[in-house]
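Undergrad: Can you keep this structure in mind? I'll have questions shortly.
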Amino acid sequence: MSKDRNKERFQLELEFVQMLSNPQYLHWLAQEGYFNKPEFVNYLNYLQYWKKEEYSKFIMFPYCLAILDLLQHKEFRDSLANNDFALYVHKKQFNHWKYYRYSKNRNLKTNF
């Protein structure tokens with residue numbers, strides 16, 4: 001594979017992996033039946049290489065790696081077809097970001 005093709009593949013896979021942090025996109029994938037296709041499920045498994053340090057350093061939304069882990073489970077993939085479940089995932093994600101930042105800032109203040 002040429003250098004340009006490798007770079008393009010890297011960029012496309014990076015973008016796709018990060019899109020996994022969007023619960024509405026996950027819901028759309030489930031509604032469109034992607035999670036029922038063995039080749040797509042295999043692709044999700046293949047993408048786990050992004051968890052390695054040499055690749056994960058390029059990820060801007062690390063939550064996508066946790067979602068990538070969850071997508072390895074059929075029950076989670078099936079649940080994403082339900083809009084209420086996708087909203088639940090979104091709320092959990094929002095609360096994590098909201099309180100993690102608060103907790104992190106609070107810990108920084110107490111450590112000085």
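The values are calculated or read from the model by the stated rules, or taken from the named source; none is laboratory data. Not measured: the values here are computed from a predicted model. Counting neighbours? That spans all protein chains shown, and the Cβs are built from the backbone with ideal geometry, glycine included.
Undergrad: Given the conditions (1) surrounded by fewer than 10 Cβ atoms within 10 Å (Cβ to Cβ); (2) under 14 Å from Leu71 (Cα atoms), which single one is not true for Gln18?
TA: Against the list (1) surrounded by fewer than 10 Cβ atoms within 10 Å (Cβ to Cβ); (2) under 14 Å from Leu71 (Cα atoms), Gln18 comes up short only on (1).
Undergrad: With respect to Asn36, determine if the residue is at pLDDT 95 or above, out of contact with any Cys (no Cβ under 9 Å at 6 or more places or on another chain) and not acidic (Asp, Glu).
TA: yes
Undergrad: Pull up region 49-84, narrow it to residues that are farther than 13 Å from Leu29 by Cβ, assigned to a helix (DSSP H, G or I) and of a type in the set (Phe, Trp, Tyr), then point me to the one that is modelled with the lowest pLDDT.
TA: Ranking the qualifying residues of region 49-84, first place goes to Tyr63.
Undergrad: Would you mind stating whether Tyr34 is among the aromatic types (Phe, Trp, Tyr), exposed (fewer than 14 other Cβ atoms within 10 Å of the Cβ) and free of Cβ contacts under 8 Å to residues at least 24 places away in the same chain?
TA: When the stated conditions are applied, Tyr34 does not pass them.
Undergrad: I'd like the full set of residues that are at pLDDT below 75 and not hydroxyl-bearing (Ser, Thr, Tyr), limited to region 85-109.
TA: Within region 85-109, Phe94, Asn95, His96, Trp97, Lys98, Arg101, Lys104, Asn105, Arg106, Asn107, Leu108, Lys109 qualify.
Undergrad: Any residue at all in region 1-9 that is surrounded by 13 or more Cβ atoms within 10 Å (Cβ to Cβ) and out of contact with any Cys (no Cβ under 8 Å at 6 or more places or on another chain)?
TA: no
Undergrad: Can you tell me how many residues in region 21-35 are of a type outside the set (Phe, Trp, Tyr) and part of a helix (DSSP H, G or I)?
TA: Counting residues in region 21-35 that are of a type outside the set (Phe, Trp, Tyr) and part of a helix (DSSP H, G or I) gives 7.
Undergrad: If Leu26 satisfies every condition in (1) surrounded by fewer than 15 Cβ atoms within 10 Å (Cβ to Cβ); (2) in contact with a helix residue (DSSP H, G or I) (Cβ under 8 Å, 6 or more places away or on another chain); (3) of a type in the set (A, V, I, L, M) but one, which is the exception?
TA: All conditions are met except number (1).
Undergrad: Which pairs do you get when a residue that is under 12 Å from Pro62 (Cα atoms) and modelled with pLDDT of 95 or more, found in region 17-28, comes within reach of a residue that is surrounded by fewer than 18 Cβ atoms within 10 Å (Cβ to Cβ) and hydroxyl-bearing (Ser, Thr, Tyr), reach meaning Cβ atoms under 6 angstrom, with the pair 6+ apart or on two chains?
TA: Met19/Tyr25
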